[in-house]
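For reference, the structure discussed in these notes is given below.
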Amino acid sequence: MALIRKINQGLLLLVILTFCLVLYNKFHNVSLHEEESAEEPDSPATPSAVRAMKQSRAAAGDLIPIIICAVEDRMGGTIATINSINSNTNANIFFYIITLRDSLLHISKWIENTKLKDIKYKVLEFNPAVLEGKVRPDAARPELLQPLNFVRYFIPYLIRDHEKVIYLDDDVIIQGDIRDLYDTDLDPGHAAAFSTDCDLTSTHEMVRSMGMQTTYMGHLDYRKPTIRGLGINPTTCSFNVGAFVANVTEWKRQRITKQLEKWLVSNVEENLYSSALAEGVVTPPMLIVFHNKHSLLNPLWHIRHLGWSPDDRYSEHFLSEAKLLHWNGRFKPWDYPTAHMELWERWYLPDPTGRFRLVRPNN
């Protein structure tokens with residue numbers, strides 16, 4: 001009898017485990033990824049990548065792939081960005097949403113319980129271990145060292161089936177048809193296209209009045225021999241890395257990720273740039289690696305600096321012509337105070353879980 005009782009207990013335990021596994025797969029639909037190349041570092045996407053697709057996937061060539069991150073305490077930004085893209089195009093969009101383990105279910109529930117439930121998307125877990133020993137602690141603006149800020153370095157490991165991809169920060173709103181941005185031509189040998197910080201003459205006075213950095217001198221420490229040895233003129237116009245189009249094949253061919261990681265490690269060893277300069281340590285390695293090796297976006301596809309001041313600095317007419325608005329800076333549109341709040345809030349969808357709330361005067 002004792003033996004039978006143990007067998008029954010074992011069978012019961014097996015049934016419970018099987019039931020839990022079925023439930024897990026139902027909500028997570030785990031997808032495994034193979035290593036891309038023995039010469040490349042470990043993939044930043046964890047072996048189990050959560051996938052939620054509401055429609056059957058079309059051929060890769062028919063899709064416009066977009067990478068965007070979902071940080072837990074600013075996830076409303078991700079949702080607003082996705083909604084603005086989806087609402088302003090008829091193109092076949094596929095969203096790669098990158099987040100950390102604790103936020104996998106949150107972002108999926110937000111999408112599944114709002115008007116976004118019919119979008120095509122995949123949620124991938126980013127593995128922060130790929131940054132170990134490569135990021136120098138910085139007390140000036142620790143939020144800029146958030147692991148997901150470095151996702152843009154690892155595009156080939158997140159997008160394996162596409163020749164071309166769009167990367168967007170979570171504090172942008174798309175007012176144009178995203179297909180036009182995707183159709184940006186990249187010159188031969190260029191792995192990405194960015195907007196330079198000197199491309200709109202109409203904003204130069206505003207930029208100078210706010211003390212914003214628009215040159216390499218504002219991002220790199222030219223007192224360091226390593227920086228001076230690059231031979232880059234310190235007055236060269238910088239570019240913003242919060243919205244860009246990338247050629248994945250060229251990125252892999254030039255081993256861009258390896259180069260970016262090298263400059264991260266160099267900063268750990270020599271403190272070549274810091275969050276006290278401009279907008280953190282993510283931008284400087286990209287300025288170095290892509291110097292004179294990037295194509296240009298249409299200036300209207302990256303109207304930025306909306307988050308540098310809580311005051312409205314742009315005219316309504318100017319912003320109405322913009323295709324992409326970027327609240328880069330400290331004053332984010334989900335916080336308060338913030339500038340041009342109404343342009344962002346029209347695309348925001350409330351969190352059905354109640355975990356994310358906008359910061360507003362009447363809260």
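For this structure, a couple of remarks:
- Largest accessible area first, the residues ASP169, ASP177 order themselves as ASP177, ASP169 under a 1.4 Å probe with ligands, DNA and RNA left out.
- HIS317 - accessible surface, heavy atoms, 1.4 Å probe, Å² rounded to 10: 130 Å²
- Amide H within-cut-off set for ALA45, under 5 Å, with H built and near neighbours excluded: ASN127
- For the cross-link pairs LYS252/LYS323; LYS224/LYS258; LYS122/LYS258; LYS164/LYS252, the ones whose C-alpha atoms lie over 19 Å apart are LYS252/LYS323; LYS224/LYS258; LYS122/LYS258.
- Within the range 245-311, none of the GluC sites (Glu not before Pro) combine a DSSP coil assignment with at most 12 other C-beta atoms in a 10 angstrom radius.
- Förster radius 35 Å - calculated FRET efficiency between ASN90 and GLN213 (Cβ-Cβ, nearest 0.05): 0.35
- Diffusion coefficient of the range 228-293 by Stokes-Einstein, Kirkwood radius over Cα pairs, 10 °C, 1.306 mPa s: 123 µm²/s.
The values are calculated or read from the model by the stated rules, or taken from the named source; none is laboratory data. Values in this document were obtained by computation on a predicted structure and should not be read as measured data. Because the Cβ atoms are built from the backbone with ideal geometry, glycine has one as well, and the counts that use them run over all protein chains shown. Accessible surface areas use protein heavy atoms only, side chains included; no ligands, DNA or RNA. Shrake-Rupley method; radii C 1.70, N 1.55, O 1.52, S 1.80 Å.
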